[in-house]
Every structure is written in structure tokens, then in C-alpha cells.
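The values are calculated or read from the model by the stated rules, or taken from the named source; none is laboratory data. As the structure is a computational prediction, the values presented were derived from the model and not from experiment. With ideal geometry, Cβ positions are generated from the backbone for all residues, glycine too; neighbour counts draw on all protein chains shown. What goes into the accessible areas is simple: the full protein's heavy atoms, side chains included, and nothing from ligands, DNA or RNA. Shrake-Rupley method; radii C 1.70, N 1.55, O 1.52, S 1.80 Å.
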Amino acid sequence: MAHGFSQPGGVRPTSRDVARAAGVSQATVSLVLGEKWRGRVSERTAAMVRDAARELGYRPNLAARNLRLGRTRTALLVVPALTNEFFARVYTGAATVATEHGFGVVLYPSPEGVGPAKDPFASARAALDGVIASSMAAEALTAIRGTDLPLVMLDSDPADPGAAAHVNLDIADGMRQMTDHLLSLGHRRFIHLASAVSSWTFDVRARALHEALRTVPGAVVQTVSAPLEVNGAREAAERALAAPGPRPTAIICDDDIMAAGACKAVRRAGLRVPEDVSVTGFDDLALATAVEPELTTLSLPAERVGERGMAALLAVLEGRRPEEGDLPVRLVVRGSSAPARIV
């Protein structure tokens with residue numbers, strides 16, 4: 001390795017650099033360099049980490065290490081917005097686990113939506129033990145994290161190398177459950193009312209839907225992008241329903257809020273939900289049972305996401321391996337879906 005001490009601009013190597021060079025996680029680097037690796041990682045991996053640290057000229061940042069050992073006992077939870085109930089439930093879960101361990105959680109909505117997020121303090125590194133980010137990209141957190149704060153990503157791309165740990169929902173399986181439900185009711189012509197927000201979780205929904213329908217004879221899906229709000233979703237659904245050709249019999253929405261807009265569009269077109277057009281949501285927000293008919297949707301364990309996220313951060317801080325495995329989601333069938341009416 002040629003970069004050693006001579007990184008551009010004299011930037012001090014970080015544990016993230018060591019993890020990347022050794023091909024391991026930041027949690028593994030913490031275990032090895034903290035001499036807590038025995039029985040947890042192999043001798044070969046430990047040697048790779050030590051070699052990478054030596055060649056990079058890495059020296060632990062003792063001030064940051066003291067923070068991670070719990071001097072401030074504070075975590076920052078960054079979310080795209082406070083207007084979505086899902087993120088409030090994530091916070092509840094994270095705060096519950098934090099309280100049990102003598103930690104506090106500061107909730108911070110990114111003013112730019114999905115990013116980049118600005119540092120809410122003069123220096124987050126001086127005030128925090130770590131960062132948890134829900135439904136955002138790791139590169140959006142650069143200003144907050146600096147170089148050494150551990151980052152736990154929730155509902156985000158598991159291939160992103162910028163995080164010390166990931167906690168994800170099985171979003172793809174959820175969309176497959178919804179698709180199977182509608183196919184069993186005889187639906188073959190679909191509108192996918194897709195969120196216009198550029199995000200890993202919405203990309204996964206689109207891919208899973210198209211993969212599930214790809215081998216189904218006669219299945220057709222029209223993707224329509226829409227804002228993640230009621231009126232924008234209604235307008236997009238109205239345009240799709242008015243398009244020439246056979247009318248779709250089901251509208252699959254990326255979110256319950258969008259599904260509420262789709263239901264309004266169906267009624268404004270002089271049609272009925274679900275007799276003429278079935279409408280489905282995603283998230284199982286309180287809104288799902290406030291509309292009539294109540295929404296068939298996918299229930300996401302948001303509180304559990306927050307709990308697992310905080311537990312993962314604590315594990316990273318203590319040099320332990322975070323719990324792995326995606327959290328399951330559950331199909332909830334209500335009144336907005338019914339057998340297809342073929343016309």
C-alpha cells in the first residue's frame with residue numbers, strides 16, 4: 001500500500017480506511033485493535049487488520065475513542081423528515097433501548113430531505129457517541145459524522161461501505177407478498193404508483209414488483225412516479241387511469257399516503273375501490289385504517305427497526321458484532337383489495 005502517511009492533504013487515516021484496506025467491517029477493526037477479537041474473528045483476519053493499520057500509519061484517535069466508550073452517552077438519529085409516522089416509531093424504538101443503557105437519543109430531521117444533512121452542532125464529533133440514520137444514504141451524513149463517529153444505517157443499501165452496521169427490513173419479500181395477494185385475486189393489469197424520492201428502499205420495491213410479475217402470463221405493470229403526498233399521488237393516479245387502453249384493475253402504491261391519493265383518484269374517475277380498482281399501500285400507518293375502505297398494506301415493524309438500530313450502535317461501541325438478518329414485514333389484508341373486475 002502506497003498511501004500510508006501520505007494521504008491527500010495530510011488527512012489522518014481512520015478506522016474506516018483500515019476496514020476498507022483489510023476488507024472487513026469497522027466493528028471488526030474495533031475488535032482487533034481493541035484486543036477483543038479472540039474467539040470472535042480468526043487469527044488470519046486479525047493479522048490482516050493489524051497489517052493494514054500498520055501500512056496506513058493508523059493511530060487510534062483517543063479523544064474519539066473516549067467518546068465511543070460512553071463519555072457523552074448520546075446518539076444522533078437522523079431521519080429524512082418528521083412528517084412521516086414511520087420515523088416517529090423508529091425514534092420510539094431507539095429511545096427505548098437507549099434509556100435501558102443510560103443513553104439519550106437526539107432526533108434530527110435532515111433539512112434537505114434525503115441529504116446531505118448538515119451538522120446540527122458546532123461539531124457532532126464533540127457531542128456524540130455515534131449516529132443512526134434511517135432511510136438515507138451514507139454519503140449524506142458526511143458533515144455530521146466527520147471521520148471517526150460510528151454510523152448505523154437503517155432501511156438503507158446494505159452494500160454501502162460507509163456504515164459500521166446495517167439494520168434492514170425485508171422490503172423485497174413484502175412487495176412479493178403484496179403481488180402474490182393481488183395475483184391470487186385475478187389481477188393482471190397494474191399501476192405502480194412509485195415514490196419520486198430517490199432512495200434504496202423505493203428502488204427495492206420497484207425491482208421486487210417487476211421481478212414478481214416478469215414470468216406471469218398476461219401481467220402488465222405501468223410505473224407512474226409521484227410525490228410522496230396525497231394530492232400529488234392523486235393527480236398522478238388520475239392521469240394514469242385516464243390513459244388510453246385497458247384500465248388497470250389494481251394500483252400498487254409505495255406508501256399508504258400515496259394510496260390515500262390513489263383512492264381519491266379512483267373515486268374522481270367515477271369508479272369504486274375495490275369493486276372496480278383495488279388499491280394497496282405500504283407501511284401500515286395510522287392513515288391505513290382512517291380511510292374508507294381501509295387499506296390493504298404491508299406492516300413494517302418500525303419500532304423494532306429503531307430498537308435494533310440502537311442495539312447495533314451499542315454493539316459497535318463495545319466492540320461486539322451486531323445482530324444480523326433482515327426484519328420481516330407482514331401483509332395486512334383489508335377492504336381496499338378485492339377480486340379483479342375484468343372489463
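Considering every residue within segment 99-110, establish whether at least one is in a helix (DSSP H, G or I), surrounded by fewer than 22 Cβ atoms within 10 Å (Cβ to Cβ) and modelled with pLDDT under 80.
Start the filter on segment 99-110 by keeping residues that are in a helix (DSSP H, G or I), which leaves 99-100.
So of that shortlist, the ones also surrounded by fewer than 22 Cβ atoms within 10 Å (Cβ to Cβ) come out as 99-100.
Now drop any that are not modelled with pLDDT under 80, which leaves none.
No, the conditions are met nowhere in segment 99-110.
Name the one entry in Arg89, Arg44 that is more than 30 Å from the chain's Cα centre (by Cα), more than 21 Å from Ala164 (Cβ to Cβ) and at pLDDT 80 or above.
Working: Arg89 fails: more than 30 Å from the chain's Cα centre (by Cα).
Answer to the selection: Arg44.
Please verify whether segment 275-286 includes one or more residues that are open to solvent by less than 10 Å² (accessible area, probe 1.4 Å), assigned to a helix (DSSP H, G or I), of a type in the set (Val, Ile, Thr) and farther than 23 Å from Ala94 by Cβ. No - not one qualifying residue is present in segment 275-286. What about Arg71, is it loosely packed, with under 14 Cβ neighbours inside 10 Å, of a type in the set (Lys, Arg) and either modelled with pLDDT under 75 or assigned to a helix (DSSP H, G or I) (or both)? It is true that Arg71 is loosely packed, with under 14 Cβ neighbours inside 10 Å, of a type in the set (Lys, Arg) and either modelled with pLDDT under 75 or assigned to a helix (DSSP H, G or I) (or both).
Note on segment 293-323: among residues that are over 18 Å from Ala94 (Cβ atoms) and modelled with pLDDT under 95, the one that is surrounded by the most Cβ atoms within 10 Å (Cβ to Cβ) is Gly319. The set of residues from segment 196-217 being small (Gly, Ala, Ser), modelled with pLDDT under 95 and either in a helix (DSSP H, G or I) or open to solvent by less than 70 Å² (accessible area, probe 1.4 Å) (or both) comprises Ala196, Ser199. Restricting segment 285-335 to residues that are of a type in the set (S, T, N, Q) and within 20 Å of the chain's Cα centre (by Cα), the residue that is nearest to Val79 (Cα to Cα) is Ser299. Screening Leu169 against (1) in contact (Cβ under 8 Å) with a residue 24 or more places away in the chain; (2) open to solvent by 10 Å² or more (accessible area, probe 1.4 Å) leaves a single unmet condition, (2).
Here segment 146-187 is the region considered, the condition is being hydrophobic (A, V, I, L, M, F, W, C) and assigned to a loop (DSSP other than H, G, I, E, B), and the residue that is nearest to Thr201 (Cα to Cα) is Ala159. Among the residues making up segment 253-291, those that are free of Cβ contacts under 8 Å to residues at least 24 places away in the same chain and on the phi < 0 side of the Ramachandran plot are Arg267, Arg272, Ala290.
Only residues that are open to solvent by 40 Å² or more (accessible area, probe 1.4 Å), part of a helix (DSSP H, G or I) and of a type outside the set (Gly, Ala, Ser) were counted across segment 233-250, and they come to 3.
Annotation note: Cβ proximity below 9 Å between a residue of segment 210-236 that is within 16 Å of Ala269 (Cα to Cα) and a residue that is acidic (Asp, Glu) and open to solvent by less than 30 Å² (accessible area, probe 1.4 Å) (sequence gap 6+ or interchain) occurs for Ala233/Asp255.
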